[in-house]
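The values are calculated or read from the model by the stated rules, or taken from the named source; none is laboratory data. Only a predicted model underlies this, so the values are computations on that prediction, with no experimental measurement involved. With ideal geometry, Cβ positions are generated from the backbone for all residues, glycine too; neighbour counts draw on all protein chains shown. We work out accessible area using only protein heavy atoms, side chains counted, and drop any ligands, DNA or RNA first. Shrake-Rupley method; radii C 1.70, N 1.55, O 1.52, S 1.80 Å.
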Amino acid sequence: MSESISRVKKEDIAAGLRSLGLSPGAGVIVHSSLKSFGHVEGGAQTIIEALMEVATAAGTLLMPSFNHGAAFAEGAPGYFDPGETKTTNGAIPDLFWRMPEVERSMNPTHAFAAWGKHAKRYTQFHHRTITMGPESPLGLLHADDGYGLLLGVGYHANTFHHVVEMSTGVPCLGVRTEAYPVRLPGGETVESRTWGWRKKSCPFTDEGRYHEVLQARGLQQEVLIGQSRVILFRLRDCFEVI
């Protein structure tokens with residue numbers, strides 16, 4: 001584990017990611033907290049550029065680009081626009097979806113943003129399938145033997161556990177049970193469906209209890225980058241444990 005440094009640079013982040021085993025061609029879903037690093041020179045853009053440098057365009061970076069229904073709250077526009085609606089997932093994902101060559105899916109509440117080799121394939125039909133199902137962006141990454149990367153956040157932020165729930169038929173989340181307006185690139189507004197939330201949290205996945213099993217079995221790698229605890233794990237391992 002590297003020593004904590006007060007000013008984090010792109011080369012520090014890239015070196016830390018490589019030490020975890022992240023390499024060119026990797027496919028990875030990134031959940032993140034910019035504040036967790038301490039002071040990053042260049043902020044969110046530096047972290048994204050480091051991720052792109054390590055995974056390369058031969059790999060695929062996936063990030064949550066959710067608004068969690070904020071786009072439809074009182075005083076909000078009342079529709080989701082993939083080229084306009086900000087994400088509530090933090091500074092890194094909110095910059096990521098706006099960057100050149102990044103694709104964004106059209107799910108009204110839980111869109112994903114992707115860059116790299118499989119960006120378009122992962123995102124283009126998300127609105128036609130189950131939000132966190134096997135054919136969702138994250139489900140496709142799992143099928144391609146991708147990884148999960150937690151940048152300064154715990155497993156409670158790991159959206160992938162919902163893919164496990166949806167893929168195994170656990171009766172806890174609605175399947176395409178809600179519908180909201182989505183504005184298309186040409187200006188037309190259509191209705192698009194998404195999942196519905198359960199009445200209460202799941203004590204196993206929402207509290208991230210499975211991380212103890214992953215850790216005990218040696219199925220995660222961990223490093224300190226600046227002040228951020230960074231964890232890498234294989235989605236197939238996570239699926240099996242959950």
Taking the stretch 104-132, which residues are assigned to a strand (DSSP E or B) and closer than 26 Å to Gly174 by Cα? Arg104, His110, Ala111, Phe112, Ala113, Ala114
Tell me yes or no: at least one residue of the stretch 204-218 is under 30 Å from Gly21 (Cβ atoms), in contact with a Cys (Cβ under 7 Å, 6 or more places away or on another chain) and surrounded by fewer than 22 Cβ atoms within 10 Å (Cβ to Cβ). yes
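Residues of the stretch 68-84 being touching a residue at least 24 places away in the same chain (Cβ under 8 Å), of a type outside the set (Phe, Trp, Tyr) and assigned to a loop (DSSP other than H, G, I, E, B), which ones?
Across the stretch 68-84, the qualifying residues are His68, Gly69, Gly78, Asp81, Pro82, Gly83, Glu84.
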Quick one: count up the residues across the stretch 166-213 that are touching a Leu at 6+ places or on another chain (Cβ under 6 Å) and farther than 24 Å from Phe72 by Cα. 0
Residue satisfying all of: in the stretch 95-139; in contact (Cβ under 8 Å) with a residue 40 or more places away in the chain and in contact with a Lys or Arg (Cβ under 6 Å, 6 or more places away or on another chain); surrounded by the most Cβ atoms within 10 Å (Cβ to Cβ) among these: Ala113
Being hydroxyl-bearing (Ser, Thr, Tyr) and open to solvent by 30 Å² or more (accessible area, probe 1.4 Å) is the filter here, so list the residues in the stretch 2-53 that pass it. Ser2, Ser4, Ser6, Ser19, Ser23, Ser33
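Yes/no matrix, rows are residues, columns are (1) modelled with pLDDT of 95 or more; (2) out of contact with any helix residue (DSSP H, G or I) (no Cβ under 6 Å at 6 or more places or on another chain); (3) closer than 17 Å to Ile29 by Cα; (4) of a type in the set (Phe, Trp, Tyr):
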| residue | (1), (2), (3), (4) |
| --- | --- |
| Asp81 | yes, yes, no, no |
| Glu84 | yes, yes, no, no |
| Trp97 | yes, yes, yes, yes |
| Met106 | yes, no, no, no |
| Phe112 | yes, no, yes, yes |
Cβ-Cβ below 8 Å, separation at least six or inter-chain, first residue in the stretch 4-25 and within 12 Å of Thr56 (Cβ to Cβ) and β-branched (Val, Ile, Thr), second open to solvent by 60 Å² or more (accessible area, probe 1.4 Å) and assigned to a helix (DSSP H, G or I): which pairs? none
Could we say that Pro181 is modelled with pLDDT under 90 and surrounded by fewer than 17 Cβ atoms within 10 Å (Cβ to Cβ) here? no
Unmet criterion (only one of (1) under 13 Å from the mean Cα position of the chain (by Cα); (2) of a type outside the set (D, E, K, R); (3) open to solvent by 10 Å² or more (accessible area, probe 1.4 Å); (4) at negative phi) for Gly90: (4)
Listed residues Leu138, Leu149; which is modelled with pLDDT of 95 or more and assigned to a helix (DSSP H, G or I)? Leu138
